[in-house]
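Single-structure report; data block below.
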Amino acid sequence: MTYVDGFVAAVPTANREKFRKHAEEAAVVFREHGALKVVECWGDDVPEGEVTSFPMAVKRKDDETVVFSWILWPSRSVRDEGMKKVMADPRCQPDVNPMPFDGKRLIYGGFEVLVEA
């Protein structure tokens, strides 16, 4: 059964290309350590909500854009082992590939796939 890690963050709009570079470099590492697919999406139509929304969840500022990302893994066990390796990989260390956004406002979680059509 496939497994998904999902992420939502607010990225300074001016850092769009820095984010793309960061994501492309990290995707190589995730794939090397077992991920089947890495998808990074730049917000285009992400409305503010009245009670809750992506912008509210990440405390998006006026000069930021919401990004939505996911990593597809073949299983939870492959993900658990792969994430350990990714976090230890020198290419993903902050001094080598720093996140071009405030990681404290990153929302993430792991999900078991129920329906895949």
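Here, each number is a calculation from the coordinates, and none is a lab measurement. Fair warning: this is a prediction, and the values are worked out from it, not measured in the lab. Ideal geometry is used to build each Cβ from the backbone, glycine not excepted, and the neighbour counts take in all protein chains shown.
Brief remarks on what is shown
- Just checking the listed ones, P90, P100, P12: in the Gaussian network model of the chain with Cα springs under 10 Å, the one fluctuating most is P90.
- The value given for the stretch 1-65 is a Kirkwood hydrodynamic radius of 13.5 Å, derived from the mean inverse Cα-Cα separation.
- Dividing the convex hull volume of the alpha carbon atoms of the chain by its residue count gives 117 Å³ per residue.
- Virtual paramagnetic centre 7 Å along Cα→Cβ of K21, amide N under 11 Å, in the stretch 82-99: 97-98
- Spin-label model distance (nm) - A117 vs K61, 7 Å beyond Cα toward Cβ: 4.1
- The lysines whose alpha-carbon is closer than 24 Å to the alpha-carbon of K59, local same-chain residues fewer than 8 away aside, are K18, K21, K104.
- Taking all Cα pairs closer than 8 Å and separated by 6 or more residues, the relative contact order of the chain comes to 48 percent.
- Each other residue within a Cβ distance under 12 Å of N97 adds +1 if Lys or Arg and -1 if Asp or Glu, for a net charge of -1.
- Candidates K84, K21, K37: whichever shows maximal mean-square fluctuation once the chain is modelled as a Gaussian network with Cα springs under 10 Å: K84
- The angle between the Cα long axis of helix 16-32 and the longest principal axis of the Cα atoms of the chain comes to about 20 degrees, rounded to the nearest 10.
- Label point at D102 placed 7 Å out along Cα→Cβ; residues across the stretch 44-59 whose backbone nitrogen lies under 16 Å: 54-59
- Furthest towards positive pole of dipole, T65, V46, N97, structure part the stretch 15-117, Cβ charges: N97
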